[in-house]
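Below: the structure, in structure tokens.
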Amino acid sequence: MSWSPDGRSLAYVLGGRAIALLDLARLGADLDGAASRIIKNATGALPIESVAHTPDGSALIHASGHTVERVPVTGGAAQILARPEPMLAQRDGAHRFL
């Protein structure tokens, strides 16, 4: 979970399959669930593991496996910030990695 810098919303991971944003200002008056909305759904087999707000509150940073992405709180396309590189290893004749 992550509180927005202004304290008005709370981002959380929903069952490992989505990131949701809860608008705390709407929560008291709106009990039908409209105060919470999905920002991003998981796209691969790996679950979304964590979420944090950027310092200015305009985006959320989340991790899924070894990939780290940035997604605007208004929704939209995610920007990949870090992705694992494939390991290029070979074995020699003595079963050691080169």
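Here are some notes:
- Long-range neighbours under 8 Å by Cβ, at least six apart or interchain, first residue farther than 25 Å from residue 21 by Cα within segment 76-98, second of a type in the set (Asp, Glu) and modelled with pLDDT under 85: 98/92
- Candidate set: segment 15-40, residues that are among the aliphatic types (A, V, I, L, M) and either part of a helix (DSSP H, G or I) or over 20 Å from residue 72 (Cα atoms) (or both); chosen: the one modelled with the highest pLDDT: 24
The values are calculated or read from the model by the stated rules, or taken from the named source; none is laboratory data. Keep in mind that this is a model prediction, so the values were computed, not measured. Glycine also receives a Cβ, built like all others from the backbone with ideal geometry; neighbour counts cover every protein chain displayed.
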